[in-house]
1. Work out how much length ARG93 to THR112 would gain on full extension: take 0.36 nm times their residue separation and subtract the Cα-Cα distance, in nm to one decimal.
2. Using the charge dipole of the chain (Lys, Arg: +1 at Cβ; Asp, Glu: -1 at Cβ; taken about the Cα centre), state which of LEU82, PRO132, TYR19 has its Cα farthest towards the positive end.
3. Would you mind calculating the relative contact order of the stretch 12-156 from Cα pairs under 8 angstrom and at least 6 residues apart, reporting the percent as a whole number?
4. For the stretch 76-81, in order, what is each residue's ³J(HN,Hα) by Karplus, 6.51 cos²θ - 1.76 cosθ + 1.60 with θ = phi - 60°, in whole Hz (x at glycine and Pro)?
5. Regarding the stretch 35-121, what whole-number volume in Å³ per residue does the convex hull of its Cα atoms give?
6. Starting from the Cα of THR33, step 7 Å along the direction of its Cβ; do the same at ALA148; then give the gap between the two resulting points in nm.
7. Which whole-number value in Å² is the accessible area per residue of the chain, probe 1.4 Å?
8. Just the C-alpha atoms of the stretch 116-156: what Rg/Rh do they give, with Rh taken as the Kirkwood radius?
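The values are calculated or read from the model by the stated rules, or taken from the named source; none is laboratory data. Note that the coordinates shown come from a computational prediction; the quantities given were computed from them, not determined experimentally. Note that each Cβ is placed from the backbone with ideal geometry, even for glycine, and that neighbours are counted across all protein chains shown. To get the accessible areas, we keep the full protein, side chains included, count just its heavy atoms, and leave off ligands, DNA and RNA. Shrake-Rupley method; radii C 1.70, N 1.55, O 1.52, S 1.80 Å.
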Amino acid sequence: MVVRIGLVAASDRASAGEYEDRGTPALRDYLRTRITTAHEFVERLIPDDYSTIVSTLTSLVDEEKCSLVFTTGGTGPSPRDLTPEATEAVCDRILPGFGEAMRRASYDIVPTAILSRQIVGTRGACLIVNLPGKPSAIAECLDVIMAAIPDCVDLI
């Protein structure tokens with residue numbers, strides 16, 4: 001069996017072609033070195049739009065049958081950063097310890113990490129993980145939470 005993993009980059013400018021999305025490639029490269037189960041990525045580059053994020057997450061879980069979905073971007077304090085709200089809307093339950101651990105680890109590197117609002121939750125059997133959009137921050141956050149993911153999703 002091949003596990004499907006959704007990768008979603010939420011960025012108005014990247015989705016409009018104004019600059020290159022760097023979060024998805026960094027996330028893909030990181031996961032390829034950590035996930036040993038046969039897997040495939042289902043990637044989406046979308047604008048920071050609440051309805052679009054909700055429909056994309058719902059589609060990846062319900063229609064594309066992803067077991068795990070990672071988002072990058074849209075977790076800051078800007079009015080257009082709506083990924084956490086959209087994630088919460090589609091999740092059955094939120095797992096606050098993940099977000100707390102990611103912010104704590106990032107805070108040791110950059111104090112503005114307290115502004116980050118990433119959350120993690122479940123929709124059915126799928127784990128949805130919000131990550132920052134900066135490639136180095138993606139790795140920093142994943143380094144902290146990857147050990148707990150197998151307890152939520154049988155992947156690694």
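1. 4.1 nm
2. Positive-most Cα among the choices belongs to PRO132.
3. 28
4. Karplus values, whole Hz, x for Gly and Pro: x, x, 5, x, 8, 7.
5. Spread over its residues, the Cα hull of the stretch 35-121 gives 113 Å³ apiece.
6. Using points 7 Å along Cα→Cβ, the separation is 2.3 nm.
7. Using a 1.4 Å probe on heavy atoms only, each residue of the chain averages 48 Å².
8. So for the stretch 116-156, dividing Rg by the Kirkwood Rh gives 0.97.
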